[in-house]
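Step one of this worksheet: look at the structure below.
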Amino acid sequence: MSWFEQLKMIPVNKPMLGLVIASSKQMEKALQEIQNLKTPPQKLKEILRQAETGNISIEELHRVYSKPPLGDQTVEQMKENVQKLKDAASFMTIDDVRELLREAMEAKRNDDEQKVNEILENIEQNADLSSRTLKRHRDVRDSLDILREKAGKSVIMFENPPTNEQLLADFAEAIGGELKEGSILTDLKDNGELVALMVPKRSKKTKEIIDDDATIKQKDRVKKTYNRIMRNPDGSKTNTKMLFVSGNETVEVDDIVRQKKIFVASKERKSIVEPFTGASVVKYIRAVNKIPGSIEAFKPKTFENGASFANVIFLEKSSTKSMNVNPFVQIILTNEFPNEWEKPFFDALRIQQNLTEEQATEQIIDEIYQALVDGQQRTRSNFRVRPFRIENVNTKSRKKVTAEIRNIIKESDSLETSISQAALEKQRESLQFLEGNFSVKEATAYENYLKQSGLERVPAGEDNPEPDFGEYSIEYFKDGRSTAFIAPDLDKKGNKQYDESGQLLTVEQDGKQDANYAVFNVEGEVMTPEKAVKEAGKVKTAETSEEQVARAEKTIAGLKKKLADARKQRASAQKEESKQRADEKIKNLEQRLEEAEKRTGKREQIDMTQQLSVLREELLNMDNFEQYLLSTAKKLSSQGGLLGLADEMANKATALESITPERSLSFFAQVDELAGNEEVREAFKSIDDNPDSEEAGDAARELNKKMPSIISNIKKSIIVAFKGRLEEFVNKPQNFPDNKVIVANTQFQKVGIIKDAGDEEE
């Protein structure tokens, strides 16, 4: 086709546009061609749009095409020709649309609906308003929405609408509206009518739903399509904002608040999953801690008896944005205590002290990581790793992989529950290693006691003899395995040390930092926490007896012989490694001999009353609660006794963050005062009056008998208080903050403590 023939065609590109608008003759032909078209000239409109936006320069076209024989038009005439093409093609710029919208708005104010309709029809036919264009020019979109409110119609608009427009279409269909360019035209008069489409009607008297089944089903459909737009699958809010435009009024629809209104008035009645137990309270706390912002509204307000809920239940470090109970509450909620309650209770305290739930959880996460790296299906403690599908485990850092593991756990309620149960089981398993042994914290306290008694620590292990007179040793273990290890010998500045031949010097480390229990050998006797308390009960260290002097002399003689043997072995050693070991052994024996010779004289008596008090406070083995009450009352007699202890602890913000027997006494007294019959405080008073009296002994004995029922009542009272708060939420959600109801409802259902009221147990 020749270029002359092409000139007869409507411009579809830049060169053709230049040829047409530069020539009066070709302009005439083009306009005639446009008038004869049966379909809109979309390609022409696109070229004109480029000219409108400046992407095509009329001045440049004039320089190229305006000279004879091609053209005869000036720049101004060419610009006029562009406008003629626009008019002929019914092309509208965004400014053209704005001008028409101003006319339409004026007509709407004058109730000239006919003119409004004509302008809207013109815009719809001739303006190319894509969704992208409307997003860029919100004023145009808003004006169109207002103008479309014909005959009582309103408009539902969306900011940050979902990428899937089908969600809007489904919602529009459900409410009987029309989706048009991202907005919904509706006959609804106001926001309240929209809410009414989702809320079943109830009888004012009986509160029974009076809608028929078909209506209920339809309202449920509206609500579900609404939720798909405004809520994520996990119940959290999307970033979509809904605006309800009616007349001259625009109402921003706050999704969370609106959802609360719907929840309050809807048929979605909830009920508590029974039985509601101590484990349910733990789940409640876990759910509440996932609610953003302040959670104060979800804390119990009173006990069943009407008394104010005890603040002592919660840790002071709990902010308004979290809910954390103290260790004693955690123990009571997750355990049952028989008549012989002392050992089980204080064993539970030792478990909590030795391995917290957080620490146990971290251990499980480490096991999952190691199993993934090793390609195993289960962890060392038999936890399945299949749910943890993480790519490129072996090429990522440990920190990054464990972070991904935590995210997977966080996003799965079932996994979170499984991990929590596994952590609890790991805590309980740790007790077997504490039987007859010291926790790491207890070991520290006992070692301090031994040092102050004048005893010296000697190395422990297979290569070392049992401690002799005036000596003790400690071995640290984790789950039955020694934590001792060989490490480089460092100087005071932390630098590695080497011998004359350049060999690295090493020392044995006890691995205390990795341990979960310790074994003590004191003067040749394996010591248990029970024995430690009984031995310490002598209050004063004894004077050195003739038998002990003989033992000391025997120890010295034995050490001298061993030292002589070690020196012979050193002299005959051939290998450098053997020589090094012999040197270390000789050095150790020389030190022990020197210390033993210092102790050949009479051992001085040391008053250990104060140290004993500290020791008893730290050792959690409790086999005689009655005696403990009496001795503690004596110890604290000048400070107000047991009652003084209870009151003092009640006024200390962080008193119950740490686990000690004394703090447990304060806890029992404070909670029983509010939730019980004040039996603990009454017993404390009787004991404080005269700890040495028969009446005090009777009071201690009677309180010990009552403690299982007191603990049971405390547990029941805490459970009932939390359940009562959950019942308030279920029955009167309107009493809770507007912006938290929906999230709370989601989280409570996730952890399994509430359900739809209609759900039946199978």
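The values are calculated or read from the model by the stated rules, or taken from the named source; none is laboratory data. Predicted, not measured: the structure shown is a model, and the values here were computed from it. Cβ: placed from backbone, ideal geometry, glycine included. Neighbour counts: every protein chain shown.
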Note: among PHE328, PHE337, PHE346, just one is of a type in the set (A, V, I, L, M, F, W, C) and either loosely packed, with under 15 Cβ neighbours inside 10 Å or not in a helix (DSSP H, G or I) (or both), namely PHE337
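Has the stretch 365-386 got at least one residue that is β-branched (Val, Ile, Thr), closer than 30 Å to SER439 by Cα, touching a helix residue (DSSP H, G or I) at 6+ places or on another chain (Cβ under 7 Å) and part of a helix (DSSP H, G or I)?
Residues of the stretch 365-386 that are β-branched (Val, Ile, Thr), as a first pass: 365, 368, 373, 379, 385.
With closer than 30 Å to SER439 by Cα added as a condition, the list becomes 365, 368, 379.
Retained after the next criterion (residues that are touching a helix residue (DSSP H, G or I) at 6+ places or on another chain (Cβ under 7 Å)): 365, 368, 379.
Among the residues that remain, those that are also part of a helix (DSSP H, G or I) are: 365, 368.
Checked against the condition, which is being β-branched (Val, Ile, Thr), closer than 30 Å to SER439 by Cα, touching a helix residue (DSSP H, G or I) at 6+ places or on another chain (Cβ under 7 Å) and part of a helix (DSSP H, G or I), the stretch 365-386 yields at least one hit.
Quick grid of which residues meet (1) among the aromatic types (Phe, Trp, Tyr); (2) not assigned by TED's automatic domain parsing to the domain that holds VAL519:
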site	(1), (2)
ILE364	no, yes
TYR369	yes, yes
ARG378	no, yes
GLU416	no, yes
LEU450	no, no
LEU455	no, no
PRO467	no, no
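Being out of contact with any Leu (no Cβ under 8 Å at 6 or more places or on another chain) and more than 21 Å from ASP583 (Cα to Cα) is the requirement here; does GLN432 meet it?
Working: out of contact with any Leu (no Cβ under 8 Å at 6 or more places or on another chain): yes; more than 21 Å from ASP583 (Cα to Cα): yes.
For GLN432, the condition - out of contact with any Leu (no Cβ under 8 Å at 6 or more places or on another chain) and more than 21 Å from ASP583 (Cα to Cα) - is met.
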Within the stretch 602-691, helices (runs of 4 or more DSSP H) holding 3 or more residues that are at pLDDT below 55 and within 22 Å of ALA532 (Cα to Cα):
609-618
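How many of the residues making up the stretch 405-433 are of a type in the set (Lys, Arg) and under 30 Å from ALA518 (Cα atoms)? I'd like the intermediate steps shown before the answer.
Looking only at the stretch 405-433, we keep the residues that are of a type in the set (Lys, Arg), and these are 406, 410, 426, 428.
Of the ones still in play, those that are also under 30 Å from ALA518 (Cα atoms) are 426, 428.
Qualifying residue count, the stretch 405-433: 2.
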Failed item in (1) surrounded by fewer than 19 Cβ atoms within 10 Å (Cβ to Cβ); (2) at pLDDT 85 or above, with ILE295 passing the rest
(1)
Quick one: would you say ALA566 is within 30 Å of ILE486 (Cβ to Cβ), crowded, with 16+ Cβ neighbours inside 10 Å and modelled with pLDDT under 80?
no
Hey, LYS115 hits all of (1) at pLDDT below 80; (2) of a type in the set (Lys, Arg); (3) over 51 Å from the mean Cα position of the chain (by Cα) but one; which does it fall short on?
(1)
Given the conditions (1) closer than 18 Å to GLU456 by Cβ; (2) modelled with pLDDT of 85 or more, every one holds for PHE477 apart from (1)
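Tell me yes or no: at least one residue of the stretch 539-549 is at pLDDT 80 or above and among the aliphatic types (A, V, I, L, M). Don't jump to the end; show me each part of the working.
Step one: filter the stretch 539-549 for residues at pLDDT 80 or above, giving none.
The answer is no, given that none of the residues of the stretch 539-549 is at pLDDT 80 or above and among the aliphatic types (A, V, I, L, M).
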Six or more apart or on different chains, Cβ under 6 Å: which pairs go from a residue in the stretch 413-425 that's free of Cβ contacts under 8 Å to residues at least 12 places away in the same chain to one that's not small (Gly, Ala, Ser)? Could you list them?
none
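Out of curiosity, is GLU425 charged (D, E, K, R) and outside the structural domain of VAL522 (by TED's automatic domain parsing)? Let's see the steps before the verdict.
Numbers: charged (D, E, K, R): yes; outside the structural domain of VAL522 (by TED's automatic domain parsing): yes.
Considered against the rule, which asks whether it is charged (D, E, K, R) and outside the structural domain of VAL522 (by TED's automatic domain parsing), GLU425 comes out as yes.
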If we keep only residues of the stretch 186-219 that are in a loop (DSSP other than H, G, I, E, B) and among the β-branched types (Val, Ile, Thr), then the residue nearest to the chain's Cα centre (by Cα) is VAL199
For TYR226: the one exception among (1) modelled with pLDDT of 85 or more; (2) part of a loop (DSSP other than H, G, I, E, B)
(2)
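Which of the strands (runs of 3 or more DSSP E) found entirely inside the stretch 453-528 contain at least 2 residues meeting this: farther than 22 Å from ALA596 by Cβ and touching a residue at least 60 places away in the same chain (Cβ under 8 Å)?
Details: elements: 471-478, 485-488, 506-509, 517-522, 525-527.
Qualifying strands (runs of 3 or more DSSP E): 517-522.
Of the residues LEU85, LEU31, LEU37, LEU44, only one is touching a residue at least 40 places away in the same chain (Cβ under 8 Å) and under 20 Å from GLU124 (Cβ atoms); which?
Being touching a residue at least 40 places away in the same chain (Cβ under 8 Å) and under 20 Å from GLU124 (Cβ atoms) holds for just one of LEU85, LEU31, LEU37, LEU44, which is LEU44.
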Among the residues of the stretch 424-449, the number that are within 20 Å of PHE477 (Cα to Cα) and part of a helix (DSSP H, G or I) is 18
Output the residues belonging to the stretch 358-377 that are among the charged types (D, E, K, R) and more than 19 Å from GLU416 (Cβ to Cβ).
ASP374
Scanning the stretch 384-422 residue by residue, those closer than 24 Å to THR746 by Cβ and small (Gly, Ala, Ser) turn out to be SER412, SER414, SER418, SER420
With (1) within 19 Å of LYS299 (Cβ to Cβ); (2) in a helix (DSSP H, G or I); (3) touching a residue at least 24 places away in the same chain (Cβ under 8 Å) as the list, and PRO737 as the residue in question, which single condition is left unmet?
(2)
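Against the condition at pLDDT below 70, in contact with a helix residue (DSSP H, G or I) (Cβ under 7 Å, 6 or more places away or on another chain) and closer than 30 Å to GLU99 by Cβ, how does LEU120 come out, does it pass?
On the way: at pLDDT below 70: no; in contact with a helix residue (DSSP H, G or I) (Cβ under 7 Å, 6 or more places away or on another chain): yes; closer than 30 Å to GLU99 by Cβ: yes.
For LEU120, the condition - at pLDDT below 70, in contact with a helix residue (DSSP H, G or I) (Cβ under 7 Å, 6 or more places away or on another chain) and closer than 30 Å to GLU99 by Cβ - is not met.
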Among residues belonging to the stretch 156-177 that are in contact with a Gly (Cβ under 9 Å, 6 or more places away or on another chain) and under 13 Å from VAL222 (Cβ atoms), point out the one that is modelled with the lowest pLDDT.
ILE156
Name the residue that is farthest from GLY752 (Cα to Cα), counting only residues in the stretch 417-450 that are out of contact with any strand residue (DSSP E or B) (no Cβ under 6 Å at 6 or more places or on another chain) and hydrophobic (A, V, I, L, M, F, W, C).
ALA445
Scope the stretch 740-758; condition over 22 Å from the mean Cα position of the chain (by Cα) and assigned to a helix (DSSP H, G or I); matching residues
none
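Within the group PHE748, PHE736, PHE729, PHE722, which residue is aromatic (Phe, Trp, Tyr) and closer than 24 Å to GLU678 by Cβ?
Details: PHE748 fails: closer than 24 Å to GLU678 by Cβ; PHE736 fails: closer than 24 Å to GLU678 by Cβ; PHE729 fails: closer than 24 Å to GLU678 by Cβ.
Answer to the selection: PHE722.
Every residue, every condition in (1) hydrophobic (A, V, I, L, M, F, W, C); (2) farther than 22 Å from GLY293 by Cβ; (3) modelled with pLDDT of 80 or more, yes or no:
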| position | (1), (2), (3) |
| --- | --- |
| ILE210 | yes, yes, yes |
| ALA214 | yes, yes, yes |
| GLN218 | no, yes, yes |
| SER236 | no, no, no |
| ASN239 | no, no, yes |
| SER246 | no, yes, no |
| GLU249 | no, yes, no |
